[in-house]
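Okay, so here's the structure we're looking at.
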Amino acid sequence: MWESLENLPMILGFVIATRLWKYGLFNGLVVLVVGMALGVFVTRLVEPKLHKVNHQVRWKNMLINFLLFVVLAIPFVHYFRTDTDWFNWKTDLLGGLAAGLILTLVQSAHWKGAKSRMFLHSAAMMVAFPIIMLGLRSIIRMGDWGLSISLTFLLTLAASLIITLIDYREMYLQE
């Protein structure tokens, strides 16, 4: 549940931003930034609840994550708004793997816990992100906003379950 609370503002913000982008760059960008900021803020509140031992979440890390999520999201907004045969489920899988890897590499640079945790985190991101990408392709192109938003909730729950099963199944491995 906690992982879903962290991810929902970011994924939902991304979906709404991408759908709004065609009506205006400014509106889409504002929603994207607000969604990422909310997700990072919720992460700051929730993350200590996910760890067995006292885990401090530093503001510097939150700022880095916020900037990383926004910078990663902007090209993917364009990716999902582009109507071409070049972008399909295969590129969704590759893009998801690349996003998961980039996210993990940047986050590992400022991670202060056991480095072995980053292996689990990396595995979780590299499994979840391709699934998120596949789901986003259909969700963003839907005509019905209500159905799109509802399916975003389900996609977030599925991705969060995957992340939880991989990343949080054992909080700290021996180094």
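The values are calculated or read from the model by the stated rules, or taken from the named source; none is laboratory data. Every value quoted in this text rests on a predicted model; they were computed, and no experiment measured them. With ideal geometry, Cβ positions are generated from the backbone for all residues, glycine too; neighbour counts draw on all protein chains shown. Just the protein is used for accessible areas: all its heavy atoms, side chains included, with ligands, DNA and RNA removed. Shrake-Rupley method; radii C 1.70, N 1.55, O 1.52, S 1.80 Å.
Considering (1) over 25 Å from P9 (Cβ atoms); (2) surrounded by 13 or more Cβ atoms within 10 Å (Cβ to Cβ); (3) not β-branched (V, I, T), say which one A99 fails and leave the rest.
Tallying (1) over 25 Å from P9 (Cβ atoms); (2) surrounded by 13 or more Cβ atoms within 10 Å (Cβ to Cβ); (3) not β-branched (V, I, T), A99 fails exactly one: (1).
Do we have D83 as acidic (D, E) and open to solvent by 60 Å² or more (accessible area, probe 1.4 Å) here? Walk me through it before giving the result.
Working: acidic (D, E): yes; open to solvent by 60 Å² or more (accessible area, probe 1.4 Å): yes.
In short, yes.
Identify, please: which residue in segment 62-112 is over 15 Å from the mean Cα position of the chain (by Cα) and of a type in the set (S, T, Y) and is, among those, modelled with the highest pLDDT?
My answer is T91.
Looking only at segment 17-28, filter to residues that are open to solvent by 40 Å² or more (accessible area, probe 1.4 Å) and in contact (Cβ under 8 Å) with a residue 40 or more places away in the chain; which one of those is farthest from F129 (Cα to Cα)?
Looking at the filtered set, the residue picked out is K22.
State whether one or more residues within segment 144-162 are modelled with pLDDT under 85 and crowded, with 16+ Cβ neighbours inside 10 Å.
Of all residues in segment 144-162, those modelled with pLDDT under 85 come to none.
No: segment 144-162 contains no residue that is modelled with pLDDT under 85 and crowded, with 16+ Cβ neighbours inside 10 Å.
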